[in-house]
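Okay, so here's the structure we're looking at.
The values are calculated or read from the model by the stated rules, or taken from the named source; none is laboratory data. None of these values were measured; they are calculated from a predicted model. Glycine also receives a Cβ, built like all others from the backbone with ideal geometry; neighbour counts cover every protein chain displayed.
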Amino acid sequence: MARRRGVLLTKKKFSVTGMSCAACSAAVEKAVGRLDGVESAQVNLLAKSMVCVYDESKTGADAVIAAVEKAGFGAAELAERDRAAAPKKEKATAGDGFTAIRTRLWVSIVFLVLLMYVSMGHMLGLPLPGFLHGTQNALPFAFLQFLLTLPVLYVNRKFYFNGFRALAHRAPNMDSLVAVGSAAAMLYGVIAIFMIGAALGRGDWDTVERYRTNLYFESAAMILTLVTVGKFLEERSKGKTGAAIAKLLDLSPKTATVLRDGEERVIPAEEILTGDVVLLKPGERVPVDGVVLEGSSAVDQSALTGESIPVAKDEGKAVMSASVNMTGFLKIRATRVGQDTTLARIVALVEEASSSKAPISKLADKVSGIFVPAVMAIAVVAGAAWLLAGRSVEDALNACISVLVISCPCALGLATPVAIMVSTGRCAQMGILIKSAEALELLHAADTVVLDKTGTITVGKPSVTDVVECASGRLLPVAAALEKKSGHPLADAVVRYAADAEPAEVSAFTDVTGKGIRGVIDGRICYGGSGAYMEELGVDVSAVREQAQRFAEDGKTPLFFACETELLGVIAAADTVKETSAAAIRRMKADGCEVIMLTGDNETTANAVRRKLDLDRVIADVLPQDKERVVRELQAEGRKVIMVGDGINDSPALARADIGIAIGSGADIAVEEADVVLMKSDLNDVPTAIECSRQTMRNIKQNLFWAFFYNTLGIPLAAGALYPVWGITLNPMIGAAAMSLSSLFVVTNALRLYRMRCDVPRR
């Protein structure tokens, strides 16, 4: 469900069958988009699917399916369980589809070779049976070619079914071009057989010879075979585009050992329930998301986060599905199972991104919607022009067929979706989840990066940085004893630091709001808190005042401790900056982005972080509800804003920003609102995502340029525009080969994105 302009909208995914090119997807989108209540319809040609957002009070899934079918295609709703199983089904059936195309190709090639031998063998001096030699045997010569062409037409009949059906629905597509072109060649050949028969009856040997040498059966068979070659190569290349998802799916273990009724049981992984206790031996994959109940081990999370170094896990630590238990025995409690696991959510996000459309693809969609009808019109005009110029019917037919087969918009339709699918999959391998094609496109155009501080730039967990003792051996026991009773955010940091100190008993504990804490230890009243609180109590802090001031200037919080009026010392604590933050910010600035830190901390602390990281600007003392306003004001200045955050308070700003990036370890709502999720919680992945976007957009533009250039050059050449000047014409068979190679070029170019390295700092 989604809500837009106060209306509750339904978002559903459908499978769509019968599509072969960009014109098909454009026709489906147009048909569904005309329905009342449909907010958007996005068709993914590569995945053969459609995501539709609509108002269920005005339309429904049945109406959507009916609209697709009326347009000449098939459609079916994908339920949630079907969507979850879809990747596995696609993986299982991909081989079957590839095998079917390969079989079609081999049958086509075998009969094409025989056909070419019969039709052109004599030109090369190859031996032919006597009944095929000479003008007097023109009829068996032509009829044998007809018979050899039929198997090629039969195995490739799909082109005719889809192509003519699309024509009947007034939505011609690539199959329509191939079907009309090859059928025209075939029809001419059949007519030629009758003309040869009639001419033989009249003894008109000139007519017999003219038709015997211009039968066009080999053109029809060659067109279908070369298009099938292109489909075969395209299918093989496209099979690689889902490699990232396939690899992720393979990470899920098939079985798991659970503890039920005090007994260890090996069950299928999909039968694990929330709350089940799962036992993990060294080397086993984690089947669910969970929390460690017992044991300690190093866990390899590289497949999900891209982190090469295993992460230590012990009691209370969270573990993710598909990670590998490396060294020790672990007992975990399942907290998320099935489609709620980290692995399942990653797969879903990658699939959704792969199925979405980038704004840049709208140009291709618009062109494709009018392209095929325009090509058919050009083919008719070209043929008529040849006839009006006094050329033969054969020449006119040659021009028509050449225009039809060379103009296939396959390359145009594949230019964007293949690159998007490859790129989002590659990013997922690096631990960067990009939720939509739009986000992928917008990332490289950003000029401002707004960073939350706590948990984003910093670790998000305060720790002790400095200790200054004034009473030897007494500071840490007293500090730990008092802070154990406190609920202050810094208390836990002090307790962790002083874990080895001799414990002390505290009585009469009091939290003095806004000042500090106090309690009785060994009969003496002890205090902890700010310098002002100490001075109020009459404690002399002059010995450590300068050091405490320096701590504050460095963004640290000084905590003073005393017994009665005796100063015990001062402990400085701070939320430390992540090791990778400085390098990440340098990379963002190298990308031409202004980097701004947005924080609720005071100016002193914020400026300390600014100096340390060389930030362009800090905006401090910002209330949680005001973060969205700051982003909005930056956008009003004409900026393209990336917002990076991790907390619940960041979610409005993440939603408002042009691109919201959530730290993977952050709150669920922040992750939901974001357009990009960083699984490693590493700021370095922000410039990595920007560079990924830059390379992907460059690849898409290369693909689109080639597709437009190819058709701009090919169509006039096929129509015979160069013949009056240079005498150049294009054989339909060459046109078919060029069309196939064009699609292959686009897919192959997109596959180069698998090798892209976006995680290397730019120099």
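Exactly one residue out of Ile370, Ile346, Ile406 is surrounded by fewer than 17 Cβ atoms within 10 Å (Cβ to Cβ), modelled with pLDDT under 75 and not assigned by TED's automatic domain parsing to the domain that holds Val51, and it is Ile370.
For the range 191-214, residues that are out of contact with any helix residue (DSSP H, G or I) (no Cβ under 7 Å at 6 or more places or on another chain) and aliphatic (A, V, I, L, M) total 2. Among the residues of the range 9-17, some residue qualifies, meaning at least one is crowded, with 23+ Cβ neighbours inside 10 Å, at pLDDT 80 or above, part of a strand (DSSP E or B) and not assigned by TED's automatic domain parsing to the domain that holds Ser176. Confirm whether Leu567 is in the same structural domain as Gly473 (by TED's automatic domain parsing) and touching a strand residue (DSSP E or B) at 6+ places or on another chain (Cβ under 9 Å). Yes, satisfied.
Being more than 29 Å from Asn607 (Cα to Cα), at pLDDT below 90 and buried (at least 20 other Cβ atoms within 10 Å of the Cβ) is a property that holds for Glu441. What's the number of the condition His169 fails, among (1) closer than 23 Å to Glu69 by Cβ; (2) touching a helix residue (DSSP H, G or I) at 6+ places or on another chain (Cβ under 9 Å); (3) free of Cβ contacts under 8 Å to residues at least 60 places away in the same chain? The one condition His169 does not meet is (3). Under the condition of being acidic (Asp, Glu) and outside any loop (DSSP other than H, G, I, E, B), which residue from the range 21-61 is nearest to Phe159 (Cα to Cα)? Selected residue: Glu29.
Do we have Asn162 as modelled with pLDDT of 85 or more and either assigned to a helix (DSSP H, G or I) or in the same structural domain as Phe217 (by TED's automatic domain parsing) (or both) here? Criteria not met by Asn162.
Condition check: in the same structural domain as Val288 (by TED's automatic domain parsing), at pLDDT 60 or above, touching a helix residue (DSSP H, G or I) at 6+ places or on another chain (Cβ under 7 Å) and not in a helix (DSSP H, G or I). Does Ala312 satisfy that? Considered against the rule, which asks whether it is in the same structural domain as Val288 (by TED's automatic domain parsing), at pLDDT 60 or above, touching a helix residue (DSSP H, G or I) at 6+ places or on another chain (Cβ under 7 Å) and not in a helix (DSSP H, G or I), Ala312 comes out as no. Residues considered: Val478, Val468, Val418. Of these, the only one that is of a type in the set (A, V, I, L, M), surrounded by fewer than 24 Cβ atoms within 10 Å (Cβ to Cβ) and not assigned by TED's automatic domain parsing to the domain that holds Ile619 is Val468. Looking at Gly163, Gly197, just one residue is under 27 Å from Ala31 (Cβ atoms) and surrounded by 13 or more Cβ atoms within 10 Å (Cβ to Cβ), and that residue is Gly163. Selection of first residues in the range 93-111 that are within 14 Å of Thr225 (Cα to Cα) and of second residues that are modelled with pLDDT of 90 or more and β-branched (Val, Ile, Thr), restricted to Cβ pairs under 8 Å at least 6 apart or on distinct chains, gives the following pairs, ordered by first then second residue: Thr103/Val155; Arg104/Val155; Val107/Val152; Val107/Val155; Ser108/Val152; Ser108/Val155; Phe111/Thr149; Phe111/Val152. Does Ala552 count as modelled with pLDDT of 85 or more and either within 25 Å of Lys453 (Cα to Cα) or surrounded by fewer than 17 Cβ atoms within 10 Å (Cβ to Cβ) (or both)? No, not satisfied.
Restricting to the range 165-197, name every residue that is of a type in the set (D, E, K, R) and assigned to a helix (DSSP H, G or I). Those that are of a type in the set (D, E, K, R) and assigned to a helix (DSSP H, G or I): Arg165, Asp175.
Within the range 85-112, the set of residues being at pLDDT 65 or above and of a type in the set (Gly, Ala, Ser) comprises Ala100, Ser108.
Condition check ((1) of a type in the set (Val, Ile, Thr); (2) at pLDDT 75 or above; (3) more than 30 Å from Asp447 (Cβ to Cβ)) across all residues:
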position: Asp685; (1), (2), (3): no, yes, no
position: Ile690; (1), (2), (3): yes, yes, no
position: Gln695; (1), (2), (3): no, yes, no
position: Asn699; (1), (2), (3): no, yes, no
position: Gln702; (1), (2), (3): no, yes, no
position: Tyr710; (1), (2), (3): no, no, yes
position: Tyr723; (1), (2), (3): no, no, yes
position: Asn731; (1), (2), (3): no, no, yes
position: Ser740; (1), (2), (3): no, no, yes
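Quick grid of which residues meet (1) touching a Leu at 6+ places or on another chain (Cβ under 9 Å); (2) in contact (Cβ under 8 Å) with a residue 12 or more places away in the chain; (3) not assigned by TED's automatic domain parsing to the domain that holds Ile690:
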| site | (1), (2), (3) |
| --- | --- |
| Ala608 | no, yes, yes |
| Leu615 | yes, yes, yes |
| Val618 | yes, yes, yes |
| Arg632 | no, yes, yes |
| Glu637 | no, no, yes |
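Scanning the range 489-503 for residues that are hydrophobic (A, V, I, L, M, F, W, C) and within 15 Å of Gly460 (Cβ to Cβ), we see that the one that is surrounded by the fewest Cβ atoms within 10 Å (Cβ to Cβ) is Leu490. Pairing residues of the range 200-213 that are without any contact (Cβ under 8 Å) to a residue 40 or more places away in the chain with residues that are surrounded by 14 or more Cβ atoms within 10 Å (Cβ to Cβ), at Cβ distances under 6 Å and at least 6 apart in sequence or on separate chains, gives Thr207/Ala199.
Before we move on, is Gln136 over 48 Å from the mean Cα position of the chain (by Cα), farther than 25 Å from Val180 by Cβ, in a helix (DSSP H, G or I) and in the same structural domain as Asp206 (by TED's automatic domain parsing)? So Gln136 fits the description; yes.
Whether any residue in the range 571-585 is surrounded by fewer than 23 Cβ atoms within 10 Å (Cβ to Cβ), under 29 Å from the mean Cα position of the chain (by Cα) and β-branched (Val, Ile, Thr) is what I want to check. The answer is yes, given that some residue of the range 571-585 is surrounded by fewer than 23 Cβ atoms within 10 Å (Cβ to Cβ), under 29 Å from the mean Cα position of the chain (by Cα) and β-branched (Val, Ile, Thr). In the range 237-245 there is at least one residue matching the filter, namely being modelled with pLDDT under 85, of a type in the set (Val, Ile, Thr) and not in a strand (DSSP E or B). Name the residue that is nearest to the chain's Cα centre (by Cα), counting only residues in the range 470-507 that are closer than 19 Å to Asp522 by Cα and hydroxyl-bearing (Ser, Thr, Tyr). Among them, the one singled out is Ser486.
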